[in-house]
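What follows is calculated from the coordinates using simple rules that are stated; it is not laboratory data. Worth saying up front: this structure is predicted, and the values here are computed from it rather than measured. Heads up, the Cβs are rebuilt from the backbone with ideal geometry, glycines too, and the neighbour counts pull from every protein chain shown.
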Amino acid sequence: MDQQGGAFYDVIESRPKYLKCDVEMEKTVKTNKRASNNGLYELLECPVCATLMYPPLHQCPNGHTLCSSCKTRVQRCCPICRIEMGSIRCLALEKVAESLELPCIHRSLGCHDIFPYYGKLKHEKNCRFRPYKCPYAGSVCLVTGKIPELVTHLKDNHNVDLHDGSTFNHRYVKSNPHEVENATWMLTVFNCYGWQFCLHFEAFNMGMAPFYISFLRFMGEETEAKKFSYSLEIGGGGRKLTWQGVPRSIRDSHRKIRDGLDGLVIPRNLGLLLSGGNGQELKLRVIGRIWKEKQVIRN
Ligand SMILES: [Zn+2]
Ligand SMILES: [Zn+2]
Ligand SMILES: [Zn+2]
Ligand SMILES: [Zn+2]
């Protein structure tokens, strides 16, 4: 009991000195200071990169704290006092952090929950208010945002067509279907039932064999996506290929869905057969429908 009391006293005793020094440093080093009414919160911001620090927290022999990634980047020297960093862990600050409760980083997007310091990151990774990534597949696009912002972005920056309605009849024409590597990724957005859906059509290689795949993604959370179904049909020359599926949330990458073959998969030879012609051009007509399931029995 006595020992515990002593240890606690020590921590309190040493805090003010440490606090003062660190706050002084923050003033000089930090450029993007966040507004906060909690001194501890500020203390937990890395003085170099200004993000919240999570264990292991490091400090130089003079007590300057640093987050793990900045510690790796600066290698040997403390970025503040330039002396050798060593490998001192700042356990006291790690312990103090345990007692903190902080709001989710996506508060401005609508999440009003409060989390224990060390549970915050895990929540934020799965927070349903976190911004969505741009669903366009053809290039690496780093744009993120809310769904309406992404719809505008798709229209303005990727020239994606936006259609109203739950049925569609699309024709994909590709002049040189043998160049899978240079395949174009087609994306069309459908607006129905108050939601937006992305229809993807792309070419890919499975092993050495060339395929096409078409699937639907839902611009929202998986729990909402499950309330819908869709069908795709492709045909020609008396033949028909149909697919019925459940749209996947855009939280899942298009690549994950494609590699999981969760869509209408068409081997290239069959695609050429269905498109008629001489094999020099691919002309596929995709007929589709999206509907809302009346009763959801899926889990
Ligand atoms: Zn840092
Ligand atoms: Zn230092
Ligand atoms: Zn959240
Ligand atoms: Zn984009």
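Between Lys95 and Lys256, the FRET efficiency from the beta-carbon distance, with R0 = 35 Å, is close to 0.35. As a calculated quantity, the FRET efficiency between Arg285 and Ser108 at R0 = 45 Å, using C-beta atoms, amounts to about 0.50.
Cross-link check: pairs Lys120/Lys294; Lys122/Lys227; Lys146/Lys227; Lys240/Lys292 evaluated at a Cα-Cα cut-off of 32 Å; pairs beyond the cut-off: Lys120/Lys294. Each label was represented as a point 7 Å from its Cα along the Cα-to-Cβ direction; for Asp161 and Ile88 these points are 6.6 nm apart. Per residue, the convex hull spanned by the Cα atoms of the stretch 35-139 measures out at 136 cubic angstrom.
Among Ser69, Leu142, Cys111, which residue has its Cα furthest toward the positive end of the charge dipole of the stretch 47-144, with +1 on Lys/Arg Cβ and -1 on Asp/Glu Cβ? The residue sitting farthest along the positive end of the dipole is Leu142.
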